[in-house]
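*Asks:* Structure below; questions to follow.
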Amino acid sequence: MVFDNRLFGEVKPIQLKSFCSNFIANDLVNPDFARVAESFGVAASSDADGLETALNAAFSRNGPALARARGGEMPSPWDVIMMPRVRG
């Protein structure tokens, strides 16, 4: 599963939060993930026909498959991943 938000991971939200929206090098042109997958012999589908259809196509394959979903900015995972430091 590839979630394609056309951004460089968490760079834009970090720049928004830490650098007062002074953005640099965060808007990317991604490759055609389906063509890249197919070049390695992996079946690929996208959410153009609906996410459920893309996922069903991927799960029904007898082998590796890629399903791509386009989306917007994702919430930062760091608040969940990074535990606060505890002083003892």
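*Asks:* Please report the antiparallel percentage of the DSSP beta bridges confined to segment 2-73, to the nearest 5. Write down the numbers at each step before the final one.
*Replies:* Details: 1 of 8 bridges.
Bridges in segment 2-73 are about 10 percent antiparallel.
*Asks:* Now for a different question. Using each residue's phi in segment 64-71, evaluate 6.51 cos²θ - 1.76 cosθ + 1.60 at θ = phi - 60° and report the 3J(HN,Hα) Karplus result to the nearest Hz, with x for Gly and Pro.
*Replies:* Values, residue by residue: x, 8, 10, 10, 10, 10, 7, x Hz.
*Asks:* According to a simple spin-label model (label point 7 Å from Cα along Cα-to-Cβ), what is the distance in nm between SER39 and VAL80?
*Replies:* Inter-label distance under the simple model: 3.2 nm.
*Asks:* Give me, ordered by chain and number, the residues 5 or more places off SER46 or on other chains with an amide H under 5 Å from its own placed amide H.
*Replies:* Excluding prolines and chain starts, which carry no amide H, the hits are ARG68.
*Asks:* Additional query: Lys/Arg Cβ at +1, Asp/Glu Cβ at -1, dipole of the chain taken about the Cα centre: which of SER46, ASN26, VAL86 is farthest positive-ward?
*Replies:* VAL86
*Asks:* What is the ratio of the Cα radius of gyration of segment 14-88 to 2.2 N^0.38 Å, where N is its residue count, to two decimals? It would help to have the intermediate numbers written out before the result.
*Replies:* Values: Rg = 18.1 Å, N = 75, 2.2 N^0.38 = 11.3 Å.
Working it through for segment 14-88, the quotient is 1.60.
*Asks:* On to the next question. Suppose each label sits 7 Å from its Cα in the direction of the beta carbon; what would the PHE19-ARG61 distance come out to in nanometres?
*Replies:* 3.6 nm
*Asks:* Hey, got the dipole for the chain? About the Cα centre, +1 on K and R Cβ, -1 on D and E Cβ, debye to the nearest 20? Write out the running numbers ahead of the final one.
*Replies:* Details: 9 positive and 10 negative charges, 82 e Å.
That gives a dipole near 400 debye.
Values in this text are rule-based calculations from the coordinates and carry no lab data. Note that the structure is a prediction, hence the values are computed from the model and not measured. Every residue, glycine among them, receives a Cβ derived from its backbone with ideal geometry; neighbour counts consider all protein chains shown.
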